[in-house]
Structure formats: structure tokens, C-alpha cells
Amino acid sequence: MTDEIAALDQLDREILGVLANEARIGWSELGARVRLSPNAAADRVRRLVRTGVIRRFTAEVDQSRLGRTLDAVIDVRVDATNRFREGALACDEVTWLAHVTGRTDFQVHVSCNGTAGLNALLTKFRDELGATETLTTVVLEQVRRTR
């Protein structure tokens, strides 16, 4: 893998758009969608992986099927960055974590089992992980960007 910025053409961008929504798509279907042969589509995907443009293929979990019906974004100020980072990453409810600049130290996206689950998680952040301040915003609708 190289540290250079990868040059992407329109076909690469189309392939990334398809894979962002359907990572398990077969080479034949992918090729048909972007007007390439299955082998040519596979070669392009392998190149995108080799150059580091595609880091991994993942599964998107439907949190509501796990009983987690409330999504929230929590801005967190902490007393110990590493302690919070490690502890938050160990929480099943945490779906995304970013160390950020600004007034707070972290932005945490969570999926919880209702308000009781959110309250329990906020209590854990404060009592066990060193959160000194939180600002919680409940997600009303999630809009996903594919690329």
C-alpha cells in the first residue's frame, strides 16, 4: 500500500458507490451495473483494495433488530482521553467514535435500548470512563451518505 492519493476515474467512483451499499455483490452483477465484464470489475476492486482505497468489507447491523431503538450523538468532555476511548470502544451500544477538536473531546454515536439504555450508558461514561460533561442529541432520522 502506498501513501499517495489514489487517482479514481468515473468507473472507480461508480464501483465504490455500488460496494458502499452492496459489499457482497457478485462480480457479474457489479460488472453489469458499471458496464464492465465480471473480470474487469473484479480487477478494479482488487486494485482499489491493494491501493488502500477500500480498507475492508463490513456488515451493517440493524440495531433495532437487537432491541436498540434509540440512536443518539453524544459530545463528551473527559478527564483522561485514553481511558475513555478504550472504555467506549468496549461498549456494544457505541457504533462510531471520533476524537474531535473543539469544546469537547469525543463525539460518540450510540444505539441504545430506549431512554433507559441511554441513561445507563451516560451513567457509565460518567462513573466509569471519566466523562466530565456530555451533550446528548437524539437522532430523529438517519440519513446515510454512500460515498
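The values are calculated or read from the model by the stated rules, or taken from the named source; none is laboratory data. All figures in this text were calculated on a predicted structure; none of them were measured in a lab. In this analysis, Cβ positions are derived from the backbone assuming ideal geometry, glycine residues included, and neighbour counts consider all displayed protein chains. All accessible areas refer to the heavy atoms of the entire protein, side chains included, with ligands and DNA or RNA removed. Shrake-Rupley method; radii C 1.70, N 1.55, O 1.52, S 1.80 Å.
One decimal place: the segment V139-E4 gains 44.9 nm when fully extended, by the rule 0.36 nm per residue minus the C-alpha distance. Taking Kirkwood radius over Cα pairs in Å as calculated from this structure, the corresponding entry among [x] 17.8; [y] 15.3; [z] 15.8 is [x].
Here the translational diffusion coefficient of the stretch 72-147 follows from Stokes-Einstein with Rh set to the Kirkwood radius across Cα pairs; for 20 °C and 1.002 mPa s it amounts to 170 µm²/s. Ligands, DNA and RNA left out, the 1.4 Å accessible surface of the stretch 66-147 is 46% carbon and sulfur atoms.
Applying the criteria of a DSSP loop state and at most 10 other Cβ atoms within 10 Å to the GluC sites (Glu not before Pro) of the stretch 1-86 yields E4, E60. Membrane-span-like helices in the chain (whole DSSP H runs, Cα extent of at least 24 Å along the helix axis, mean Kyte-Doolittle hydropathy of at least 1.0): none found.
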